[in-house]
1. Stretched out fully, how many nm does the piece from HIS75 to LEU25 gain, at 0.36 nm a residue minus the Cα gap?
2. With every protein chain in place, what's the accessible area of MET24 (1.4 Å probe, Å², nearest 10)?
3. What is the sum of charges around LEU37, taking Lys and Arg as +1, Asp and Glu as -1, for the other residues whose C-beta is under 14 Å from the C-beta of LEU37?
4. Starting from the Cα of ALA45, step 7 Å along the direction of its Cβ; do the same at SER60; then give the gap between the two resulting points in nm.
5. I'd like the accessible area for ILE21, computed on protein heavy atoms only with a 1.4 Å probe and all protein chains in place. Round to 10 Å², please.
6. In the full protein assembly as shown, how much of PHE20 is accessible to a 1.4 Å probe, in Å² to the nearest 10?
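The values are calculated or read from the model by the stated rules, or taken from the named source; none is laboratory data. Keep in mind that what you see is a predicted model, and the values were worked out from it rather than measured. As a convention, Cβ positions derive from the backbone with ideal geometry for all residues, glycine included, and neighbour counts pool all protein chains shown. Accessible surface is based on the protein model in full, side chains and every heavy atom, while ligands, DNA and RNA are left aside. Shrake-Rupley method; radii C 1.70, N 1.55, O 1.52, S 1.80 Å.
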Amino acid sequence: MEQKQEKGVLLRELSIGGVFISPMLLFALVSLAISALLRTLMHKAGLTRWVWQEAWFDVSLFVIVLAVVTYLSSHVL
């Protein structure tokens, strides 16, 4: 029987110079850059005046973006 190959990429360590690095570190760095860009755009558009607790909003935005980046990396790549 033929086995189906699952779509998506498993989280595998990256070897850089003999040092193993988790792909979550790369996902977190990409998510940090995207959430910083979104935060800047929201500030320039005047949308941050509706935010009550900015620190909680920043953390929530980062977690949402990290979830989207992780999902897309496993389903698109």
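1. Working: separation 50, 0.36 × 50 = 18.00 nm, distance 1.83 nm.
That works out to 16.2 nm of additional length.
2. My reading of the accessible area for MET24 is about 70 Å².
3. Details: positive: ARG39, LYS44; negative: ASP58.
With Lys, Arg at +1 and Asp, Glu at -1, the neighbours total +1.
4. 1.6
5. 40
6. In the full protein context, PHE20 sits at about 150 Å².
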